[in-house]
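K.L.:
This is the structure I want to talk about, given as structure tokens.
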Amino acid sequence: MTEAAKKLINLRINGKDISAPESLSVIQALWYAGYPRVKGVGCLQGVCGSCRVFVRRADSNEVSTELGCELLIEEGMDVSFLIYPIPPYQTYSLEEIPNSWEVQAKFHEIFPEAAQCRHCGGCTTTCPKDIDVEKGVELAVKGRFQEAGELFVQCVMCNLCQTACPELITPNHVALFSRRVTAYFHTRPSNLIHRLEKMRKGQLQVIE
Amino acid sequence: MTINIPYDEAIRRYRPLAERALPCTADPGEDLLQRYHPDYIADRCIQLTVGANAGDPCHRQLADVLQSDSRIDEADLAASPEVETDVLVIGGGGAGCSAALEAARAGARVILATKLRLGDSNTVMAEGGIQASIEKDDTPQMHYDDTVKGASGQIDRTLAAQMVTDGPDVIRWLIQQGMQFDLDQYGDLLTRRAGGTSAPRVLYFRDYTGLEMMRVLREAVFNSDVEVWDYCPAVELLSDQSGHCAGAVLSSLKDYTYSLVKAKSVIVATGGIGRLHLNGFPTSNHFGAVGDGLVLAYRLGAKLRDLDTFQYHPTGLAHPHHLGGTLITEGVRSAGAYLLNAASERFIDELRPRDHVAAAIIRECAEGRGVDAGHGQSGVWLDTPSIELRSPGIMEQRFPKLLHLGIKSGIDPRQQPMLIYPTLHYQNGGVIINRQGASTVPGLYCVGEVCGGVHGRNRLMGNSLLEIISFGRRAGTTAAKRVHGAGMRQKKVSLEHLRAFRRELMLAKMPLTQQSPLLFPEYAKFEKDSDYDGLRRNTRVADDG
């Protein structure tokens, strides 16, 4: 099938009026129309969180946030790419936390703003993966790190929640901290440790 | 031309069933690969005429970029700023991050340059898991034997042995960076089988193993002393008077400037070439996977291997069109999902090595037993409802990414099968390295998919995530040590090696019109003076665009 044979869709991306075949994603449509965007383009499969866009559909006042690679174009759609924010401003190293009793205190040192959450829900509304972001922050503030981390399995670190927060909390990094301390302090699989011991003793050599 | 069954008709015919027997007629036969695997398409290869691999077979499309002219010459660098570091890492995926972290931990000053953002890579998209022999009925020896057997010959045995031996410690290291894995009720690591494994050996985190790994490694790098340069692809390596690697020329997409980064060791971790769409296949690869590292290393004289063999992952999404090529993890087949043709019949043992399964799918479609998706793409069913029928809830629990993909495709994979077709997934060959990741050019290290030898001509599921961390750590540590070696005082750097390469190109009467590395796939239409956020239209595009 030739591209010309397909139905053309008219939409606006980054303020430019564009016509593109109906089976394309927003990013593909932008390229098709001759705009060589590479900034904010990543995996093209919805897992890297790079191509965040604002979308308003025809006859709707509602603006939603989505990923440009997953978004199929529609007639009359208005799309704007969002700027990817700077890397996180906290710095921490897991090795600095002496033991798991100290995690809660360290958390509040690293993320002092997390306890200031106003429960406005902006972070949850903006999440393109439908994560209950606000709840995750609340759990982390209470020191329930494993539970907080569990909510963020699908997080692609797109940072939209950070953009939405009036208290400048970085919920995705709060969640990643929660996940990391859980593994760092609590993942101690006996099958792995047993194997490492055997190998340390020089058993289980590989013969080529 | 073969006519396959239209999508709507085939989906009407499909009925979900928990069990389906494999017909005894499904024996793949001796010549399955030769007849149907894309590696065997006639005329797909040519002989390289220039460089360290002159005379070797190479895929046509890869040969085109390897035997191209540079994007720059000395004059472009006239007023470019110079920066010095100990170790320069090129590439921001799992291999690059683990190399950078270990080099920094060994005390080296490290710059990590990446074409897009840190973490934009194939690593983040890996789903199925990472192999490490940790179960009591498994051994590193069995892991090694499986890897060699699955490789269809031509494997570098030393590298394979090193990788499987590193396996358990790689998992420990990842946990120490804060990576989670799926655990049983007692906190032991869960394992599953993969195509070509003789024991359950794949460790995983849902079908998000790569995402979990990458977000943890990215956070670790941002919280380390590694200096990250994003949107800075390398366009050429630098050489010293002896032809050793001495740094790289980085091009900033933000302000169109070049920088010379002089480094005592360079680690290339740029990944593969899926976005060259070899043989016209869709790909599961990241946007930037166009083989930059192969080109850079080759021009500096590094020897490559196995440039004629690539892995086509059996299950790439074939419908809808805008998500075409998207990966569906082999874990779904490990969990027992069948592959069905348009008549809802199984046609191959789903857990045979990837090259066999891919070839069998291509055969079904070539012989008219496939499903026609309607946009020039055919495929077969991945029978996801069958595993949901056998273990209700498994999809939500183990394969959240697949469910999300279903939502975006308007298909519920618990009720309806997904249409799939092989997708260009992995570059089996690449730069020749030793156990420390050192290439044949002193000062140049290569790790990850850009390298060859570890997997021979076919890679098993879960061995690439293991490879990137195993050799990434090794190269990082070794590159950092080299910094303090004898004779490491900073030398004069240049593009002298380009002169020799250009002379060879001219003597071989190669056209000097094409330039590489490509940096981006052709359809992004990115040119030297393009605006990287694409707000300005390209001047060369016709107005009717």
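The values are calculated or read from the model by the stated rules, or taken from the named source; none is laboratory data. These numbers come from a predicted model, not from an experiment. Note: ideal-geometry Cβ built from the backbone for every residue, glycine included; neighbour counts use all protein chains shown. These area figures cover heavy atoms from the full protein model, side chains too; ligands, DNA and RNA do not enter into them. Shrake-Rupley method; radii C 1.70, N 1.55, O 1.52, S 1.80 Å.
K.L.:
Looking only at the stretch B:253-278, which residues are in contact with a strand residue (DSSP E or B) (Cβ under 7 Å, 6 or more places away or on another chain) and assigned to a loop (DSSP other than H, G, I, E, B)? Break it down stepwise before answering.
P.N.:
Filtering the stretch B:253-278 for residues in contact with a strand residue (DSSP E or B) (Cβ under 7 Å, 6 or more places away or on another chain) gives B:258-270, B:272-275, B:277-278.
Scanning the stretch B:253-278 gives B:A269, B:T270, B:G272, B:I273, B:H277.
K.L.:
Could you list all residues from the stretch B:69-123 that are under 24 Å from A:C48 (Cβ atoms) and acidic (D, E)?
P.N.:
If the condition is that a residue be under 24 Å from A:C48 (Cβ atoms) and acidic (D, E), then B:E102, B:D120 are the ones that fit.
This table checks each residue for (1) assigned to a loop (DSSP other than H, G, I, E, B); (2) surrounded by 16 or more Cβ atoms within 10 Å (Cβ to Cβ).
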{"site": "B:E449", "(1), (2)": "no, yes"}
{"site": "B:R457", "(1), (2)": "yes, yes"}
{"site": "B:S464", "(1), (2)": "no, yes"}
{"site": "B:G476", "(1), (2)": "no, yes"}
{"site": "B:R503", "(1), (2)": "no, no"}
{"site": "B:T513", "(1), (2)": "yes, no"}
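K.L.:
Being outside any helix (DSSP H, G or I), closer than 22 Å to B:N341 by Cβ and of a type in the set (S, T, Y): is that true of B:T85 here?
P.N.:
The answer is no for B:T85.
K.L.:
Out of (1) within 14 Å of chain A (Cβ to nearest Cβ); (2) within 30 Å of B:Q241 (Cβ to Cβ); (3) not hydrophobic (A, V, I, L, M, F, W, C), the odd one out for B:H375 is which?
P.N.:
(2)
K.L.:
For the stretch B:227-254, what are the residues that are of a type in the set (S, T, N, Q) and closer than 16 Å to B:V295 by Cα? Full working, then the answer.
P.N.:
First pass over the stretch B:227-254, keeping only residues of a type in the set (S, T, N, Q): B:239, B:241-242, B:251-252.
Answer for the stretch B:227-254, where residues must be of a type in the set (S, T, N, Q) and closer than 16 Å to B:V295 by Cα: B:S239, B:S251.
K.L.:
Let me ask another. From A:V53, A:V41, A:V26, which residue is open to solvent by less than 10 Å² (accessible area, probe 1.4 Å) and more than 10 Å from every other protein chain (Cβ to nearest Cβ)?
P.N.:
The conditions single out A:V53.
K.L.:
Shifting gears a bit: Can you find a residue in the stretch A:131-148 that is facing another protein chain (nearest Cβ under 8 Å) and either at pLDDT below 95 or under 30 Å from A:S50 (Cα atoms) (or both)?
P.N.:
No, the conditions are met nowhere in the stretch A:131-148.
A quick yes/no check of all residues on (1) outside any loop (DSSP other than H, G, I, E, B); (2) within 19 Å of A:I131 (Cα to Cα):
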{"site": "A:Q146", "(1), (2)": "yes, yes"}
{"site": "A:G149", "(1), (2)": "yes, yes"}
{"site": "A:C155", "(1), (2)": "no, yes"}
{"site": "A:T163", "(1), (2)": "yes, yes"}
{"site": "A:V174", "(1), (2)": "yes, yes"}
{"site": "A:S178", "(1), (2)": "yes, yes"}
{"site": "A:Y184", "(1), (2)": "yes, no"}
{"site": "A:R188", "(1), (2)": "no, no"}
{"site": "A:L196", "(1), (2)": "yes, no"}
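K.L.:
Right, next: So, in the stretch A:174-208, how many residues would count as being among the basic types (K, R) and at the interface with chain B (Cβ under 7 Å from one of its Cβ atoms)?
P.N.:
So the answer is 4.
K.L.:
Based on what the data block shows, is B:I420 open to solvent by less than 20 Å² (accessible area, probe 1.4 Å), in a loop (DSSP other than H, G, I, E, B) and farther than 30 Å from B:A161 by Cβ?
P.N.:
no
K.L.:
Now, a different point. So how many residues does the stretch B:279-292 have that are assigned to a loop (DSSP other than H, G, I, E, B) and out of contact with any His (no Cβ under 8 Å at 6 or more places or on another chain)? Let's see the steps before the verdict.
P.N.:
Quick first cut of the stretch B:279-292, residues assigned to a loop (DSSP other than H, G, I, E, B) only: B:281-282, B:284-291.
Then drop every residue that is not out of contact with any His (no Cβ under 8 Å at 6 or more places or on another chain), which leaves B:281-282, B:286-291.
Number of matching residues: 8.
K.L.:
Can you confirm whether A:S93 is within 22 Å of B:R215 (Cβ to Cβ) and within 14 Å of chain B (Cβ to nearest Cβ)?
P.N.:
Spelling it out, A:S93 is indeed within 22 Å of B:R215 (Cβ to Cβ) and within 14 Å of chain B (Cβ to nearest Cβ).
K.L.:
Looking only at the stretch B:11-51, count every residue that is among the small types (G, A, S), open to solvent by less than 80 Å² (accessible area, probe 1.4 Å) and more than 33 Å from the chain's Cα centre (by Cα) and tell me the total.
P.N.:
Final tally of qualifying residues: 1.
K.L.:
Looking only at the stretch B:238-264, which residues are touching a helix residue (DSSP H, G or I) at 6+ places or on another chain (Cβ under 8 Å) and open to solvent by less than 10 Å² (accessible area, probe 1.4 Å)?
P.N.:
B:S239, B:A248, B:V249
K.L.:
So, B:D292, is that one acidic (D, E) and out of contact with any Gly (no Cβ under 8 Å at 6 or more places or on another chain) or not?
P.N.:
Yes: the conditions hold for B:D292.
K.L.:
Now for a separate question. Could you pull out the residue among B:A335, B:A366 that is small (G, A, S), more than 24 Å from B:G274 (Cβ to Cβ) and in contact with a helix residue (DSSP H, G or I) (Cβ under 8 Å, 6 or more places away or on another chain)? Step through it out loud before you land on a result.
P.N.:
Values: B:A366 fails: more than 24 Å from B:G274 (Cβ to Cβ).
Going through B:A335, B:A366 in turn, just one is small (G, A, S), more than 24 Å from B:G274 (Cβ to Cβ) and in contact with a helix residue (DSSP H, G or I) (Cβ under 8 Å, 6 or more places away or on another chain): B:A335.
K.L.:
Still on this structure: In the stretch B:91-195, which helices (runs of 4 or more DSSP H) lie fully inside it and hold 3 or more residues that are surrounded by 21 or more Cβ atoms within 10 Å (Cβ to Cβ), more than 11 Å from chain A (Cβ to nearest Cβ) and in contact with a Lys or Arg (Cβ under 7 Å, 6 or more places away or on another chain)?
P.N.:
Numbers: elements: B:94-105, B:140-150, B:157-177.
Answer list for the stretch B:91-195: B:94-105.
K.L.:
For the structure I just gave you, tell me whether B:A54 is without any contact (Cβ under 8 Å) to a residue 12 or more places away in the chain and open to solvent by 10 Å² or more (accessible area, probe 1.4 Å).
P.N.:
yes
K.L.:
Taking the stretch A:55-82 as the region of interest, how many residues are touching a residue at least 12 places away in the same chain (Cβ under 8 Å) and either among the aliphatic types (A, V, I, L, M) or under 30 Å from B:N223 (Cα atoms) (or both)? Quick ask: steps written out before the conclusion?
P.N.:
Here is the first cut: in the stretch A:55-82, the ones touching a residue at least 12 places away in the same chain (Cβ under 8 Å) are A:55-59, A:65-82.
From what's left, either among the aliphatic types (A, V, I, L, M) or under 30 Å from B:N223 (Cα atoms) (or both): A:55, A:58, A:65-69, A:71-73, A:77, A:79, A:81-82.
Going through the stretch A:55-82 one residue at a time, the tally reaches 14.
Results for (1) more than 14 Å from chain A (Cβ to nearest Cβ); (2) closer than 25 Å to B:A126 by Cβ; (3) at pLDDT 90 or above; (4) buried (at least 20 other Cβ atoms within 10 Å of the Cβ), shown as yes or no for each residue.
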position: B:G472; (1), (2), (3), (4): yes, yes, yes, yes
position: B:A480; (1), (2), (3), (4): yes, no, yes, yes
position: B:S494; (1), (2), (3), (4): yes, no, yes, no
position: B:R499; (1), (2), (3), (4): yes, no, yes, no
position: B:A542; (1), (2), (3), (4): no, no, no, no
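K.L.:
Working only within the stretch A:84-131, note down all residues that are aliphatic (A, V, I, L, M) and in contact (Cβ under 8 Å) with a residue 12 or more places away in the chain.
P.N.:
A:L94, A:I97, A:V103, A:I110, A:A114, A:A115, A:I131
K.L.:
Report, by residue number, each residue of the stretch B:284-302 that is more than 14 Å from chain A (Cβ to nearest Cβ) and under 25 Å from B:P38 (Cβ atoms). Break it down stepwise before answering.
P.N.:
Within the stretch B:284-302, the first condition is being more than 14 Å from chain A (Cβ to nearest Cβ), and the residues that meet it are B:291, B:293-302.
The answer is B:G291, B:G293, B:L294, B:V295, B:A297, B:Y298.
K.L.:
Next question. Could you run through the stretch A:178-208 and say how many residues are touching a helix residue (DSSP H, G or I) at 6+ places or on another chain (Cβ under 7 Å) and touching a residue at least 24 places away in the same chain (Cβ under 8 Å)?
P.N.:
Within the stretch A:178-208, residues that are touching a helix residue (DSSP H, G or I) at 6+ places or on another chain (Cβ under 7 Å) and touching a residue at least 24 places away in the same chain (Cβ under 8 Å) number 7.
K.L.:
State all residues of the stretch B:116-150 that are small (G, A, S), within 20 Å of B:L190 (Cα to Cα) and either more than 16 Å from the chain's Cα centre (by Cα) or outside the structural domain of B:Q162 (by TED's automatic domain parsing) (or both); if no residue qualifies, say none.
P.N.:
Once the filter is applied, which keeps residues that are small (G, A, S), within 20 Å of B:L190 (Cα to Cα) and either more than 16 Å from the chain's Cα centre (by Cα) or outside the structural domain of B:Q162 (by TED's automatic domain parsing) (or both), the stretch B:116-150 yields B:A132, B:S133.
K.L.:
Next question, about the same structure. Using the structure shown, decide if A:G49 is closer than 19 Å to A:Y32 by Cβ, of a type outside the set (D, E) and in a loop (DSSP other than H, G, I, E, B).
P.N.:
no
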